[in-house]
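Shown next, in structure tokens, is the structure this report addresses.
The values are calculated or read from the model by the stated rules, or taken from the named source; none is laboratory data. Here the structure is a predicted model, which means the values were calculated and not measured. Glycine gets a Cβ as well: all are built from the backbone with ideal geometry, and neighbour counts include every protein chain shown.
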Amino acid sequence: MITPTLPAPAPAPADLRARRESADASTTAWALAARAGDPDAVDHFVRALHRDVLRYVAHLCGDPQAVDDLAQDTFLRALGSLHRFEGRCSARAWVLSIARRAVVDGFRHAAVRPRRYDGSDWQAAAERAQPRGVPGFDDGIVLVDLLGALSEERREAFVLTQMLGLSYEEAAVVSGCAVGTVRSRVARARGELVELVV
């Protein structure tokens, strides 16, 4: 009699959770040992988190060219401040929070850094690089004035949902009110803005 071979069953969510907790505990232990000066622990610590940091940084920054640099910056920051890591949270959470700050700092640095242009007509190139279809400076001033005419509650609901893109449920949590209240405030804010523009 031939017995068919069945694939191994997928691990249960509890098994996956247990494995993740075990990996987090090991990584945290390596971080604490690295803090104490163990060079092998530093290597294990970095290797254990390198893939997660790369994925997280790639998700946050969206620039494939910058991912390796930002991951390296993350680990330089983490290793430089390892003496302050006390293990109150997992080392994974600690390093990923450092990665988030590294990405944000990278955005800030890129925003203020002047870019060089080798062409002869830099002004035309700068004008072509400007985004299209977004409000200009004057439109922004008008929008601020229009929003200033709304009540504080309606302005908050409108900005959270229409400008920042939060769902009505998320805006309700931020505002500390019911979802229906947020919907009502947004509808009334739209009505007021239409009247002000016309």
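For the reader, a short list of remarks on this structure follows.
- Some residue of region 66-84 being surrounded by fewer than 19 Cβ atoms within 10 Å (Cβ to Cβ) and at pLDDT below 90: yes
- In region 179-198, of all residues being in contact with a helix residue (DSSP H, G or I) (Cβ under 9 Å, 6 or more places away or on another chain), under 17 Å from SER151 (Cβ atoms) and of a type in the set (A, V, I, L, M), the one that is surrounded by the most Cβ atoms within 10 Å (Cβ to Cβ) corresponds to VAL182.
- Among the residues making up region 141-172, a single one is β-branched (Val, Ile, Thr), modelled with pLDDT of 80 or more and surrounded by fewer than 17 Cβ atoms within 10 Å (Cβ to Cβ): VAL159.
- Residue in region 44-53 that is buried (at least 16 other Cβ atoms within 10 Å of the Cβ), closer than 28 Å to ARG19 by Cβ, in contact with a Leu (Cβ under 6 Å, 6 or more places away or on another chain) and at pLDDT 90 or above present: no
- Residue count for region 88-110, restricted to those that are surrounded by 13 or more Cβ atoms within 10 Å (Cβ to Cβ) and more than 17 Å from HIS59 (Cβ to Cβ): 3
- Only listed residue being charged (D, E, K, R), without any contact (Cβ under 8 Å) to a residue 40 or more places away in the chain and in a helix (DSSP H, G or I), chosen from ASP24, ASP52, ASP63, ASP15: ASP15
- Taking each residue of region 157-172 that is without any contact (Cβ under 8 Å) to a residue 24 or more places away in the chain and looking for partners that are part of a loop (DSSP other than H, G, I, E, B) and of a type outside the set (Gly, Ala, Ser) with beta-carbon atoms closer than 6 Å, six or more apart or interchain, yields LEU160/LEU166.
- Conditions (1) at pLDDT 90 or above; (2) crowded, with 19+ Cβ neighbours inside 10 Å; number of the one not met by VAL57: (1)
- Selection of region 142-189 for residues being polar (S, T, N, Q) and within 27 Å of the chain's Cα centre (by Cα) yields THR161, GLN162, SER167, SER175.
- Of all residues making up region 145-161, the number that are among the small types (Gly, Ala, Ser) and closer than 14 Å to ALA172 by Cβ: 1
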